[in-house]
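**Q** Sharing a structure with you now.
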Amino acid sequence: MKDHKSNGYNRRDFMRLSLGVAGGLALPGGFAARAFAADRPPIGTWPAGSSGDSVFIGITVPRTGSYATQGEDELKGYQLAVEHLNTGNALMKKISPKTKKGVLGKEVKYGVTDSSAKPNTAVQAQQRYITENKAILMTGSTSSAVAVALNKLAQREHVLYVTGISGSNDTTGKDCVRYGFRQCFYGETAANALGPVLLKAYGKNLKAAFMTPDYTYGHTVTKSMNDYLSAHGGWKMVTNQVSPLGAPDFSSYLTNIANSGADILINVNWGHDAVLSTQQAKQFGILPKMKLAFPYQIPFLAPEVGAATLEGVYAATDFWWTLEDKYPLAKMFVAEFQKKYGYRPEWGAENAYMSFAMWADAVEHAGSFYPPDVIKSFEAGRKLESMVGPVHMRAADHQLVRPVIIVRGKAPKDMKNKEDFWQVTEIVPGAGLMQKPDAFGCDLGSYT
């Protein structure tokens, strides 16, 4: 029988040392768990993927297409996290206190593939990473369609997946899986955080026009926003303009919005689609005639459309760099990121960094890369420090309990520097924004 190698010990060594534990033999910290784990049947890429002195992560982010700008920011967050894991950086240790250098002492390596925000491309790339590189972790969505597809791959292949950016309710709702985890905010929490702000700012019984990208992210975010505003404020959706991802021209949709009699435009588009649709809404004279809101703030939207267009506009987001004034870890992260990349991070980069840090913490506490043990470590609900204060994973649906940040666009004259586009107006605690774990049909499935 072929020996399974781990840290220089083979199966016979593990069995002998395991018996030694029962007889009172002292073993290095964490070694007993690994010794017993050696007798478990292989699952996913375990134990092959963690048998050497390094482990591999597969990253698929959009580097071309409508979401490319956001994908590049996300990628930088992943790369910084890997660097910090491998060097034992102080920021990483604040989030994952057991981290020394590497994860369980193993160097973290990674591969990157351009997904172009296409689910099939992402799945094919990750399948190659699993087969050829024995990837022990997958990550990298900017489209929720990609996130849902990789959720399914993760469960089928028994390889863990942490989302990057995914705003659909379905990701930890009806499409949740035992092997998938999400740490960013999403449609329901965005609506429950931003909805009260809009009602206070603009009043009740308004007419709203929605712009919705035609996939799971767009439809679930629009539904959550409309449900909240109609139920709590008597708002009425007078038109919902649904467009394909990567639409080059929004004129026909904007004509319908201009003729709808709406008081406010709620733009659910994302990435370059959000930029184009907002720019064209201004060209059509819809803005500033109508108010504008973004339930899911788009990284780099402000520098592309300009502060003047976004002045006074409300949006929900995960992170904004001025949170460094409130949270010590945010200050550390902004400084580290800016030093390496020359600009202050957007929230995609923060999402990516936190995803890896939380995974590392789960592995270190499990004392093993054995997937069911890592999953149960995630599900233990430990409080972790983050860029937005203490957070924890909800075991029932693998959704992080974290605050949602509300921002309002600054007037150009009020900007203190070229990146000072948004003012943080509220930090809304996460637990009260979330639906019950089974409300959106989550059934996580099995560990094995």
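The values are calculated or read from the model by the stated rules, or taken from the named source; none is laboratory data. Because the structure is a prediction, the values reported are computed rather than measured. In this analysis, Cβ positions are derived from the backbone assuming ideal geometry, glycine residues included, and neighbour counts consider all displayed protein chains. Each accessible area value is taken on the protein alone, full model and side chains, heavy atoms only, with ligands, DNA and RNA left out. Shrake-Rupley method; radii C 1.70, N 1.55, O 1.52, S 1.80 Å.
**Q** Can we say Ile257 is under 27 Å from Ser168 (Cα atoms) and part of a strand (DSSP E or B)? So that I can check it myself, show each step before the final result.
**A** Numbers: under 27 Å from Ser168 (Cα atoms): yes; part of a strand (DSSP E or B): no.
So Ile257 fails the test.
**Q** I need the full set of residues from region 151-199 which are of a type outside the set (S, T, N, Q), closer than 18 Å to Val268 by Cα and under 14 Å from the mean Cα position of the chain (by Cα), in order please.
**A** Answer for region 151-199, where residues must be of a type outside the set (S, T, N, Q), closer than 18 Å to Val268 by Cα and under 14 Å from the mean Cα position of the chain (by Cα): Ile165, Gly167, Asp170, Cys184, Phe185, Tyr186, Gly187, Ala190.
**Q** Sticking with this structure for a sec: If you check every pair at least six apart or on different chains, which have Cβ atoms under 9 Å apart with a residue in region 279-293 that is β-branched (Val, Ile, Thr) first and a residue that is open to solvent by 20 Å² or more (accessible area, probe 1.4 Å) second?
**A** Ile286/Ala258; Ile286/Gln280
**Q** Let me ask something additional. Would you mind finding the one in Thr60, Thr64 that is touching a Ser or Thr at 6+ places or on another chain (Cβ under 8 Å), modelled with pLDDT of 95 or more and either open to solvent by 60 Å² or more (accessible area, probe 1.4 Å) or assigned to a loop (DSSP other than H, G, I, E, B) (or both)?
**A** On inspection, the qualifying residue turns out to be Thr64.
**Q** Identify all residues within region 123-152 that are farther than 20 Å from Asn169 by Cβ and in a helix (DSSP H, G or I); write none if there are none.
**A** Answer for region 123-152, where residues must be farther than 20 Å from Asn169 by Cβ and in a helix (DSSP H, G or I): Val123, Gln124, Ala125, Gln126, Gln127, Arg128, Tyr129, Ile130, Thr131, Glu132, Asn133.
**Q** I would also like to ask the following. Of all the residues that make up region 320-356, how many are among the charged types (D, E, K, R), in a helix (DSSP H, G or I) and in contact with a helix residue (DSSP H, G or I) (Cβ under 9 Å, 6 or more places away or on another chain)?
**A** Within region 320-356, residues that are among the charged types (D, E, K, R), in a helix (DSSP H, G or I) and in contact with a helix residue (DSSP H, G or I) (Cβ under 9 Å, 6 or more places away or on another chain) number 6.
**Q** For the structure I just gave you, tell me whether Leu194 is over 23 Å from Pro403 (Cβ atoms), assigned to a helix (DSSP H, G or I) and out of contact with any Leu (no Cβ under 7 Å at 6 or more places or on another chain). If you could, list the steps in order and put the result at the bottom.
**A** Numbers: over 23 Å from Pro403 (Cβ atoms): no; assigned to a helix (DSSP H, G or I): yes; out of contact with any Leu (no Cβ under 7 Å at 6 or more places or on another chain): yes.
Criteria not met by Leu194.
**Q** Now for a separate question. Can you go through Thr222, Thr212 and tell me which one is part of a helix (DSSP H, G or I) and either touching a residue at least 40 places away in the same chain (Cβ under 8 Å) or surrounded by fewer than 17 Cβ atoms within 10 Å (Cβ to Cβ) (or both)?
**A** Thr222
Results for (1) among the aromatic types (Phe, Trp, Tyr); (2) open to solvent by 40 Å² or more (accessible area, probe 1.4 Å); (3) without any contact (Cβ under 8 Å) to a residue 60 or more places away in the chain, shown as yes or no for each residue.
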{"residue": "Lys94", "(1), (2), (3)": "no, yes, no"}
{"residue": "Val103", "(1), (2), (3)": "no, no, no"}
{"residue": "Ser115", "(1), (2), (3)": "no, no, yes"}
{"residue": "Gln127", "(1), (2), (3)": "no, yes, yes"}
{"residue": "Lys134", "(1), (2), (3)": "no, yes, no"}
{"residue": "Thr142", "(1), (2), (3)": "no, no, no"}
{"residue": "Leu160", "(1), (2), (3)": "no, no, no"}
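**Q** Now for a different question. For region 274-299, what are the residues that are out of contact with any strand residue (DSSP E or B) (no Cβ under 9 Å at 6 or more places or on another chain) and open to solvent by 10 Å² or more (accessible area, probe 1.4 Å)?
**A** Across region 274-299, the qualifying residues are Leu276, Gln279, Gln280, Lys282, Gln283, Phe284, Gly285, Pro288, Lys289.
**Q** I've got another one for you. Could you run through region 79-88 and say how many residues are open to solvent by 10 Å² or more (accessible area, probe 1.4 Å) and either in a helix (DSSP H, G or I) or of a type in the set (D, E, K, R) (or both)? Before the answer, list the steps.
**A** Filtering region 79-88 down to residues open to solvent by 10 Å² or more (accessible area, probe 1.4 Å) leaves 79, 83, 86-88.
Going one step further and asking which of them are either in a helix (DSSP H, G or I) or of a type in the set (D, E, K, R) (or both), we end up with 79, 83, 86-87.
Residues in region 79-88 being open to solvent by 10 Å² or more (accessible area, probe 1.4 Å) and either in a helix (DSSP H, G or I) or of a type in the set (D, E, K, R) (or both): 4 in total.
Residues checked against (1) basic (Lys, Arg); (2) under 14 Å from the mean Cα position of the chain (by Cα):
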{"position": "Val55", "(1), (2)": "no, no"}
{"position": "Thr60", "(1), (2)": "no, yes"}
{"position": "Arg63", "(1), (2)": "yes, no"}
{"position": "Gln70", "(1), (2)": "no, yes"}
{"position": "Asp73", "(1), (2)": "no, yes"}
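**Q** Tell me, which residue of region 67-78 that is open to solvent by 10 Å² or more (accessible area, probe 1.4 Å) and touching a residue at least 24 places away in the same chain (Cβ under 8 Å) is farthest from Met332 (Cα to Cα)?
**A** Here the residue is Ala68.
**Q** Is it the case that region 413-423 has a residue that's touching a His at 6+ places or on another chain (Cβ under 7 Å) and either closer than 26 Å to Arg178 by Cβ or surrounded by fewer than 22 Cβ atoms within 10 Å (Cβ to Cβ) (or both)? I'd like the intermediate steps shown before the answer.
**A** Narrowing region 413-423 to residues touching a His at 6+ places or on another chain (Cβ under 7 Å): none.
Within region 413-423, not a single residue is touching a His at 6+ places or on another chain (Cβ under 7 Å) and either closer than 26 Å to Arg178 by Cβ or surrounded by fewer than 22 Cβ atoms within 10 Å (Cβ to Cβ) (or both).
**Q** So, one more: Does region 365-384 contain any residue that is farther than 21 Å from Val148 by Cβ and either part of a strand (DSSP E or B) or free of Cβ contacts under 8 Å to residues at least 12 places away in the same chain (or both)?
**A** Yes, some residue in region 365-384 is farther than 21 Å from Val148 by Cβ and either part of a strand (DSSP E or B) or free of Cβ contacts under 8 Å to residues at least 12 places away in the same chain (or both).
**Q** Something else now. Mind checking whether some residue in region 307-316 is closer than 20 Å to Ala247 by Cβ, over 17 Å from the mean Cα position of the chain (by Cα) and surrounded by fewer than 24 Cβ atoms within 10 Å (Cβ to Cβ)?
**A** Within region 307-316 (the criterion being closer than 20 Å to Ala247 by Cβ, over 17 Å from the mean Cα position of the chain (by Cα) and surrounded by fewer than 24 Cβ atoms within 10 Å (Cβ to Cβ)), the answer is yes, since at least one residue qualifies.
**Q** Do you know which of the residues in region 260-286 that are aliphatic (A, V, I, L, M) and assigned to a helix (DSSP H, G or I) is farthest from Ala68 (Cα to Cα)?
**A** Ala281
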